Amino acid sequence: PLKVIVLAINEYGKQSEWNMDDEGKSYTVRPIQGATLPISLRGYNLIATAETGSGKTMCFAVAALAAVNTSLRKTQVLIMAHNRTLLDQLCDEMDKLCAAIKLLSPADAITWSYVDSRDTQKNFDENSHVILSTAGQLQQKVSRG
């Protein structure tokens, strides 16, 4: 649902308190987002660097969500974070974007879940469209079943 994802970026901008464009109609993306999103949303791989807090994680999450076919109720994207801090950041971005997509188009809702060995509520859903984890957490999950 690429069209919905593009609309969700604007909703995300509102949540993240981005600056409005000159006409006051939409939120302006940050430089790293403006440079990378058009490329990644066309399906190209890329490598980019930018300072902390510049919006790189949102770019990564948007590209991952664009790969999901919402008509299939199965995992299609696995995102591996190299540490817990990055996993938490990815979960925050995924939550904002998926909430915006669901708000704009409930039929195109994308489900996501994360692997956490500390999850006593058993919130993990192995049928989510997107799964996030660290290598260690995923290894523990697979070992335990």
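In this structure, is S128 open to solvent by less than 40 Å² (accessible area, probe 1.4 Å) and part of a loop (DSSP other than H, G, I, E, B)?
Details: open to solvent by less than 40 Å² (accessible area, probe 1.4 Å): yes; part of a loop (DSSP other than H, G, I, E, B): yes.
Answer is yes for this residue.
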Scanning the stretch 62-121 for residues that are open to solvent by less than 30 Å² (accessible area, probe 1.4 Å), within 20 Å of L138 (Cα to Cα) and touching an Asp or Glu at 6+ places or on another chain (Cβ under 8 Å) gives S113
Quick one: which helices (runs of 4 or more DSSP H) lie wholly within the stretch 1-70 and hold at least 2 residues that are modelled with pLDDT of 90 or more?
31-40, 56-66
Contacts under 6 angstrom Cβ, first residue in the stretch 1-16 being of a type outside the set (S, T, N, Q), partner surrounded by 22 or more Cβ atoms within 10 Å (Cβ to Cβ), 6 or more apart
V4/I101; I5/L65; A8/L97; A8/I101; Y12/L97
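Please specify each residue of the stretch 1-58 satisfying the condition of being open to solvent by 100 Å² or more (accessible area, probe 1.4 Å) and on the phi > 0 side of the Ramachandran plot. Let's see the steps before the verdict.
Going through the stretch 1-58, the residues open to solvent by 100 Å² or more (accessible area, probe 1.4 Å) turn out to be 3, 14, 17, 19, 22-23, 25, 31, 42, 44-45, 47, 49, 51-52.
Within the stretch 1-58, E17 is the sole residue that qualifies.
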Near pairs, Cβ below 9 angstrom, 6+ apart or cross-chain, from the stretch 123-134 (free of Cβ contacts under 8 Å to residues at least 12 places away in the same chain) to any residue that is buried (at least 20 other Cβ atoms within 10 Å of the Cβ) and not in a loop (DSSP other than H, G, I, E, B)
N123/S113; N123/Y114
Index of the failed condition, I5 passing every other in (1) more than 24 Å from S133 (Cβ to Cβ); (2) hydrophobic (A, V, I, L, M, F, W, C); (3) under 16 Å from the mean Cα position of the chain (by Cα)
(1)
Among the residues of the stretch 77-93, what is the count of those that are part of a helix (DSSP H, G or I) and of a type in the set (A, V, I, L, M, F, W, C)?
4
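The values are calculated or read from the model by the stated rules, or taken from the named source; none is laboratory data. Only a predicted model underlies this, so the values are computations on that prediction, with no experimental measurement involved. Virtual Cβ from ideal backbone geometry, glycine too; neighbours counted across all protein chains shown. With ligands, DNA and RNA removed, areas are computed over all heavy atoms of the protein, side chains included. Shrake-Rupley method; radii C 1.70, N 1.55, O 1.52, S 1.80 Å.
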